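Read-outs: derived from the displayed coordinates by stated rules, not from any lab. In this text the structure is predicted, and so the values were computed from the model without any measurement. Because the Cβ atoms are built from the backbone with ideal geometry, glycine has one as well, and the counts that use them run over all protein chains shown.
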Amino acid sequence: MGNSEHFLLVKKGAQAVEHWRQENPGLQLDLTWADLSKDILIGLDLSHADLRWSDLSKANLKGANLSNADLSEANLSEAIMVDSILCQAKLFLANLKWTKLNRANLVEADLSGASLIETELDGADLSDADFSNAVVERVELNNTKGCPLSQKQLENNWKTEPVKKLSRGHKIILFSFLTFMVMISPGLFLEPNLDKTNPTLDSIMGVVCLTAFAILYIGMIVGCTNIATDKGHEGIVGFILGMSFFLIGLLIVTLLPDQTKKRTRRRVST
């Protein structure tokens, strides 16, 4: 097992790690078997760290320095490693399924035997990296530099169709939309209460509708924020996008004609 103090140190963030390195020059982090899944590790200096057999699945390592780190047999599935530095890192037999390595520096990295399935390597620097015996399937390789894959690996890369996988953000948006539709569906089949003989029912329907819209818009904002984060962008980008949907929806609802008033006029005229 790794060093428990080092594990807690990494949990504290980039500044804590930097301070520790200044006070302990020459020492390296021992994080073998560490469970850092889903952790926010943006910008951490993990260079030369021992991360063998560690679980970094779904962790956010955007911009992290992992140069010369040992990640042999580590689980990096679905990790966000956009703009990370992995030059001369050991990724022997590492799990890189669905990992986002866009624009990563993998110069002279050892990826022998690694599993790269639907991995994103767009814009990455792969100069002199070792991909011997690596499993390469449906990997995105647009604008990569120095791609060292063998001809067989390249031919096998797009042999099968990619499996469509909903991200966490998409699932949140879909769930909130379905919840919204279920909650407002009774109102779609009810005539508006024009004579106001049952104010209690009107109040209940009003509360249900407001709750449904709140769930929809909160789901949109949270979902967009998660999608932006998964793509390696700042969460604020997704928040702004989600808020724009909210404002557009509010504007549309405000500008829509009041159907209840139209029905009232129609009944009065008849």
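Worth a mention:
- On Cα atoms only, tilt of 14-23 relative to the major axis of the chain in degrees: 20
- Surrounding net charge for Leu101, when Lys and Arg each add one and Asp and Glu each subtract one, Cβ distance under 9 Å: 0
- Compared with the dominant Cα axis of the chain, that is its longest principal axis, helix 168-188 is turned about 10°.
- Cα-projected label distance for His19 with Phe177, points at 7 Å along beta-carbon direction, nm: 4.6
- Kirkwood Rh, angstrom, the chain [1 / mean 1/r, Cα pairs]: 21.7
- The stretch 117-182-the stretch 215-238 distance, computed between alpha-carbon centres (Å): 21
- Rounded to 10°, Cα long-axis angle of helix 199-230 versus longest principal axis of the chain: 20
- Within the stretch 57-75, backbone nitrogen closer than 16 Å to the virtual label 7 Å beyond the Cα of Arg168 toward Cβ: 57-62
- Exposure proxy ranking for Met81, Met220, based on other Cβ atoms within 10 angstrom of each Cβ and starting from the fewest, stands as Met220, Met81.
- Residue pairs, from the table Lys100/Lys171; Lys62/Lys145; Lys97/Lys159; Lys38/Lys145; Lys11/Lys145; Lys58/Lys145, whose Cα atoms sit over 24 Å apart: Lys38/Lys145; Lys11/Lys145; Lys58/Lys145
- The stretch 199-239 residues near the modelled Thr254 label - backbone nitrogen below 19 Å, point 7 Å along Cα→Cβ: 210, 213-214, 217-218
- Modelled label positions at Ser4 and Thr211, each set 7 Å beyond Cα in the direction of Cβ, lie 4.5 nm from each other.
- Between Ile218 and Val135, the C-beta separation translates, for a Förster distance of 25 Å, into a calculated FRET efficiency of about 0.05.
- Length released on extending from His233 to Leu247, taking residue separation times 0.36 nm less the Cα-Cα span: 2.8 nm
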